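Some notes on the structure that comes next.
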């Protein structure tokens, strides 16, 4: 990813459910009846296929490609993926048909062989999706049906897994001959816009972790020391001179009849009404 012969080369690998599909010892559905992230699950999986091939990954790539073109998941199902051993999912199939239309037997001859085909016919009405198509969906997102992007997408999202384009055929598609051309370096020779990552040895990581723990402990200790009761300073106003006080002051030689008193000052707590010094507010730049 950084500098070097593999600069700008992204490798994505998730082999958690990788399976040998050419000559498996037992049906793949016996090993993993539910595979692939929900919104990217191919229709043959949702219909309970006992065996599957790389075509399920091509469907998932088509879903991602459509998402790149429209900025939204194409088969977004509102219902959460229920963790169950039954692969059939009504709502996810409904979402696919709402975009693609109901699969026709002339387009997918083996759909009759799907384990959940009977449930499909019982739960869905073909006429409900007669006006739905991938062309209409993509045109709403300003992707024309004669564009090379749409033509490639159409080959990726075929209902019949045996008719979907392969990854090798996909790389030879005319879409990749348009500008911008694909490059081995995703940054196309421009400076990498990410800061360099810090690589630490095991010893350096341990030292860094110990230093972090020490800093946290010191900060905790400082906080504990600062949590003691705060001293409150109270200002007490001088007593107001009353009539009796005035007469006493007059007898003591003060001006006759004149009431000498200081203006009354209310009690105030400095702790409750702090007077900050300096500029108050956010630092410069906010």
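The values are calculated or read from the model by the stated rules, or taken from the named source; none is laboratory data. If you're wondering where the values come from, they're calculated on a predicted model, not measured in any experiment. Neighbour counts run over all protein chains shown; Cβ positions are idealised from the backbone, glycine included.
Would you mind stating whether residue 19 is modelled with pLDDT of 85 or more, part of a loop (DSSP other than H, G, I, E, B) and more than 22 Å from residue 138 (Cβ to Cβ)? It would help to see each step written out before you state the result.
Values: modelled with pLDDT of 85 or more: no; part of a loop (DSSP other than H, G, I, E, B): yes; more than 22 Å from residue 138 (Cβ to Cβ): yes.
No.
How many of the residues in region 101-132 are outside any helix (DSSP H, G or I) and surrounded by 11 or more Cβ atoms within 10 Å (Cβ to Cβ)? Write out each step before concluding.
Keep residues of region 101-132 that are outside any helix (DSSP H, G or I), which gives 101-108, 114-116, 124-125, 130-132.
Filter once more, so that each one left must be surrounded by 11 or more Cβ atoms within 10 Å (Cβ to Cβ): 101-104, 107-108, 114-116, 124, 132.
Total meeting the criteria: 11.
Give region 48-60 a look and list any residue that's part of a loop (DSSP other than H, G, I, E, B) and at pLDDT 95 or above, or say none. Steps first, please.
Applying the first criterion (part of a loop (DSSP other than H, G, I, E, B)) to region 48-60 yields 48-54.
Of everything in region 48-60, nothing turns out to be part of a loop (DSSP other than H, G, I, E, B) and at pLDDT 95 or above.
Which of the residues belonging to region 136-157 are part of a helix (DSSP H, G or I) and surrounded by 13 or more Cβ atoms within 10 Å (Cβ to Cβ)? I'd like the intermediate steps shown before the answer.
Step one: filter region 136-157 for residues part of a helix (DSSP H, G or I), giving 136-140, 148-156.
Across region 136-157, the qualifying residues are 137, 138, 139, 148, 149, 150, 151, 152, 153, 154, 155, 156.
Can you name every residue in region 31-74 that is over 18 Å from the mean Cα position of the chain (by Cα), surrounded by fewer than 20 Cβ atoms within 10 Å (Cβ to Cβ) and under 14 Å from residue 96 (Cα atoms)?
Once the filter is applied, which keeps residues that are over 18 Å from the mean Cα position of the chain (by Cα), surrounded by fewer than 20 Cβ atoms within 10 Å (Cβ to Cβ) and under 14 Å from residue 96 (Cα atoms), region 31-74 yields only 60.
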